[in-house]
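The values are calculated or read from the model by the stated rules, or taken from the named source; none is laboratory data. Bear in mind the structure is a predicted one, so any value in this text is a computation, not a measurement. Every residue, glycine as well, gets a Cβ built from its backbone with ideal geometry; the counts of neighbours run over all protein chains shown.
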Amino acid sequence: MSGNRGRLILIEGLDRTGKTTQCTLLSKDLNFEYYKFPNRETPIGKIINEYLTKNMKLSDQSIHLLFSSNRWELQKIIKNKLDAGIDCILDRYVYSGLAYSAAKNVEGMDLKWCLQPDIGLLKPDLTIFLTNDSYKDNKGFGEEIYENTQFQDSVKEKFKKIFSISFEEEEYLNYHFKNVNVTGLGIEEVNKIIVDIVSNHQLNNNEYLYY
Ligand code: T5A
């Protein structure tokens, strides 16, 4: 690798909080490469899509491993972009994998277990977590398998735990994490906040972070 590497930025949040809207705008505004997870176009992504749209049943462990595998499918492509100095934006990633699977409260599938298949993946230089108290009113909520209010409340609790020092490293939370409450804010207002945060986040050095 020659020169400075690109930055890896992640936007996370519950269903329908506006992640895809914001990632799309950011990729246009700041010329980022955009990667959405799950990527439903890959061979593994197609199976994930069948599961999410309630056309296929899978065990909780199997679907968890497929989500992780879907991230590994794209890892080399993303790393090559970063090596070439190109900034990349991720729409969901490892934290969604942890929060949604652990929220099922299946015996043995705690956060520690859920993280295992993702160990070794690139870790974002910046994670922006969107919270929206009225996400359930957004268009389309309720169509897919995890889009019910009770389950989303359980996912919210897991995200809260993940982004606390009981799970994530304090140094990561202090320097690589931002919580943005978008309740009541329009798309353009949220975009302005996010562009501002991303523009001001510089890399300390050229070393990559890993899970
Ligand atoms: N999952 C995912 C796992 O279980 N494990 C994993 O490892 C991963 C990666 C699919 C599901 O998979 C789970 C989590 C999910 O349940 P997905 O493909 O990201 O994940 O789901 P999508 O349905 O594509 O996306 P979301 O439901 O998460 O929606 P977004 O991206 O948060 O919201 P967005 O931008 O599509 O906006 C939704 C609607 O709201 C409007 C938009 O115009 C749109 O109509 N909107 C706003 N309206 C008013 N004010 C604003 N500020 C708005 N921002 C957006």
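Out of the residues in the range 8-24 meeting the condition of being among the β-branched types (Val, Ile, Thr) and within 6 Å of the ligand (Cβ to nearest atom), tell me which one is nearest to Leu185 (Cα to Cα).
Ranking the candidates gives Thr17 first.
What tally of residues in the range 156-175 results from selecting those that are in contact (Cβ under 8 Å) with a residue 40 or more places away in the chain, of a type outside the set (Phe, Trp, Tyr) and either more than 28 Å from Asn55 (Cβ to Cβ) or in contact with an Asp or Glu (Cβ under 8 Å, 6 or more places away or on another chain) (or both)?
3
Read through the list (1) within 21 Å of Leu115 (Cα to Cα); (2) modelled with pLDDT under 95; (3) over 12 Å from the mean Cα position of the chain (by Cα), then give the number of the only condition that Asn31 fails.
So the condition that Asn31 fails would be (1).
Can you tell me which of (1) over 26 Å from Leu173 (Cα atoms); (2) touching a residue at least 40 places away in the same chain (Cβ under 8 Å); (3) in a loop (DSSP other than H, G, I, E, B); (4) not hydroxyl-bearing (Ser, Thr, Tyr) is the one Gln61 doesn't meet?
(3)
Among the residues of the range 6-27, is any free of Cβ contacts under 8 Å to residues at least 60 places away in the same chain and either outside any helix (DSSP H, G or I) or in contact with a helix residue (DSSP H, G or I) (Cβ under 7 Å, 6 or more places away or on another chain) (or both)? Let's see the steps before the verdict.
In the first step, residues of the range 6-27 are kept if they are free of Cβ contacts under 8 Å to residues at least 60 places away in the same chain; the result is 24.
Add one more test, that the residue is either outside any helix (DSSP H, G or I) or in contact with a helix residue (DSSP H, G or I) (Cβ under 7 Å, 6 or more places away or on another chain) (or both), and what stays is none.
No, the range 6-27 contains no residue that is free of Cβ contacts under 8 Å to residues at least 60 places away in the same chain and either outside any helix (DSSP H, G or I) or in contact with a helix residue (DSSP H, G or I) (Cβ under 7 Å, 6 or more places away or on another chain) (or both).
Checking the structure you have, find out if any residue of the range 182-191 is touching a strand residue (DSSP E or B) at 6+ places or on another chain (Cβ under 8 Å) and within 17 Å of Asp125 (Cβ to Cβ). Explain how you work it out, then say what you get.
Applying the first criterion (touching a strand residue (DSSP E or B) at 6+ places or on another chain (Cβ under 8 Å)) to the range 182-191 yields 182-183, 190.
Then drop every residue that is not within 17 Å of Asp125 (Cβ to Cβ), which leaves none.
No; the residues of the range 182-191 include none that is touching a strand residue (DSSP E or B) at 6+ places or on another chain (Cβ under 8 Å) and within 17 Å of Asp125 (Cβ to Cβ).
Considering only residues that are touching a residue at least 40 places away in the same chain (Cβ under 8 Å) and more than 9 Å from the ligand (Cβ to nearest atom), which ones fall in the range 28-38? Please lay out each step first, then the result.
Just the residues of the range 28-38 that are touching a residue at least 40 places away in the same chain (Cβ under 8 Å), to begin with: 29-38.
Correct list: Asp29, Leu30, Asn31, Phe32, Glu33, Tyr34, Tyr35.
Which members of the range 41-72 meet the condition of being exposed (fewer than 14 other Cβ atoms within 10 Å of the Cβ), among the basic types (Lys, Arg) and within 18 Å of Leu121 (Cα to Cα)?
None - no residue of the range 41-72 is exposed (fewer than 14 other Cβ atoms within 10 Å of the Cβ), among the basic types (Lys, Arg) and within 18 Å of Leu121 (Cα to Cα), so the list stays empty.
What do you reckon, is Leu203 closer than 29 Å to Ala84 by Cβ and in contact with a strand residue (DSSP E or B) (Cβ under 9 Å, 6 or more places away or on another chain)?
Details: closer than 29 Å to Ala84 by Cβ: yes; in contact with a strand residue (DSSP E or B) (Cβ under 9 Å, 6 or more places away or on another chain): no.
Considered against the rule, which asks whether it is closer than 29 Å to Ala84 by Cβ and in contact with a strand residue (DSSP E or B) (Cβ under 9 Å, 6 or more places away or on another chain), Leu203 comes out as no.
For the range 64-83, does any single residue satisfy the condition of being closer than 30 Å to Asn206 by Cα and part of a loop (DSSP other than H, G, I, E, B)?
Scanning the range 64-83 turns up no residue that is closer than 30 Å to Asn206 by Cα and part of a loop (DSSP other than H, G, I, E, B).
Under 8 Å between Cβ atoms, at least 6 apart or on separate chains: pull out the pairs that start in the range 39-55 with a residue that is in contact (Cβ under 8 Å) with a residue 60 or more places away in the chain and end on any residue that is among the aliphatic types (A, V, I, L, M).
Tyr51/Leu58; Tyr51/Ile63; Tyr51/Leu66; Tyr51/Ile145; Leu52/Ile145; Thr53/Ile145; Lys54/Ile145
If a residue must be more than 21 Å from Phe177 (Cβ to Cβ), of a type in the set (A, V, I, L, M, F, W, C) and in contact with a His (Cβ under 8 Å, 6 or more places away or on another chain), how many such residues does the range 107-128 contain? Working first, answer last.
Of the residues in the range 107-128, the ones more than 21 Å from Phe177 (Cβ to Cβ) are 107-110, 113, 116-117.
Keeping just the survivors that are of a type in the set (A, V, I, L, M, F, W, C) gives 109, 113.
Subsequent filtering for residues that are in contact with a His (Cβ under 8 Å, 6 or more places away or on another chain) retains 109.
Selection size over the range 107-128: 1.
Consider Asn191 carefully, then state whether it is more than 10 Å from the ligand (Cβ to nearest atom) and over 15 Å from the mean Cα position of the chain (by Cα). First the steps, then the outcome.
Details: more than 10 Å from the ligand (Cβ to nearest atom): no; over 15 Å from the mean Cα position of the chain (by Cα): yes.
For Asn191, the condition - more than 10 Å from the ligand (Cβ to nearest atom) and over 15 Å from the mean Cα position of the chain (by Cα) - is not met.
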